[in-house]
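The values are calculated or read from the model by the stated rules, or taken from the named source; none is laboratory data. These figures come from a predicted structure and were not determined experimentally. Every residue, glycine among them, receives a Cβ derived from its backbone with ideal geometry; neighbour counts consider all protein chains shown. When the accessible area is computed, the model is the full protein with side chains, heavy atoms only, and any ligands, DNA or RNA have been set aside. Shrake-Rupley method; radii C 1.70, N 1.55, O 1.52, S 1.80 Å.
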Amino acid sequence: MTFSFSASPPAVLSIHGNGNVIPVRRIYTIGRNYADHAAETGLGAISGSVPGISLKPSDSVLSDGQTLPYPSKTEQLDAEIEMVVVVGRQGRNIPTKDALDYVFGYAVGLDMIRRDIMQDCIANEHSWDLCKSFRGASPVGQVRLASEIGHPDTGEIRLQVNGVARQQGDIAKLIWKTSDIVARLSAYDAVYPGDIVFTGTPKGPGPVSIGDKLECYLEGVGNLNISIG
Ligand code: MN
């Protein structure tokens, strides 16, 4: 097979303490997965069977220490701190009780959103794609292997902007737990190694500006530092 032009190299995530990288396949994001954030959106929490799932392009990944170029067509770039789950095995219709066996590792990430575009899409019943699809929209820190740290189900998650606390929560308050998320995603389509999932943000995401320094922390998993340029 001869490509007509060169394929883009895959976006990658680096692994903590290991020279290897993870090629990123799909990026899923789960919405309204903390009750305190769901309440502030005015939309309520995700219900038992209705998934609040959207997709972001894999080429939106940004690494620790990099600068996110402020995207076009927005005046409200919001940052949502989230635990990121990395899938390490192919599977479909995975039972919840087995779902953690499909998880390769964890990282802390930022789900960056052009909020004004999102609100416009909601008002006009358009798809959300463009609000989450831009260069640098998915900063992700180094991945910690589940084989080393286990499967974190409790721990502080925190975002500081320019040294000031912006968001603080605990992953124990996730409505859909990691196992629920992987099981449910796999019912819609097979999951594959390199699929990653942003699991939702706690209360208080808000806008960032050019020059801001964002510091993310997830207890037991790690850090992520980026700037807006
Ligand atoms: Mn989000």
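What is the residue count in the stretch 118-130 for residues that are away from the ligand (no atom under 14 Å from the Cβ) and in contact with a helix residue (DSSP H, G or I) (Cβ under 7 Å, 6 or more places away or on another chain)?
Residues meeting the conditions: 3.
Quick one: count up the residues across the stretch 199-214 that are exposed (fewer than 15 other Cβ atoms within 10 Å of the Cβ) and away from the ligand (no atom under 14 Å from the Cβ).
4
What about residue 172, is it crowded, with 18+ Cβ neighbours inside 10 Å and in contact (Cβ under 8 Å) with a residue 12 or more places away in the chain?
Answer is no for this residue.
Restricting to the stretch 97-125, what's the tally of residues that are part of a helix (DSSP H, G or I) and open to solvent by less than 70 Å² (accessible area, probe 1.4 Å)?
Total satisfying the criteria: 9.
Only one of these is at pLDDT 95 or above, farther than 15 Å from residue 100 by Cα, within 16 Å of the ligand (Cβ to nearest atom) and under 14 Å from the mean Cα position of the chain (by Cα): 157, 196. Name it.
157
Just checking, which of 163, 150, 204 is touching a Gly at 6+ places or on another chain (Cβ under 9 Å) and in contact (Cβ under 8 Å) with a residue 12 or more places away in the chain?
Within the list 163, 150, 204, the selection yields 204.
Within the stretch 95-118, is even one residue among the aromatic types (Phe, Trp, Tyr), at pLDDT below 95 and under 15 Å from the mean Cα position of the chain (by Cα)?
Among the residues of the stretch 95-118, not one is among the aromatic types (Phe, Trp, Tyr), at pLDDT below 95 and under 15 Å from the mean Cα position of the chain (by Cα), which makes the answer no.
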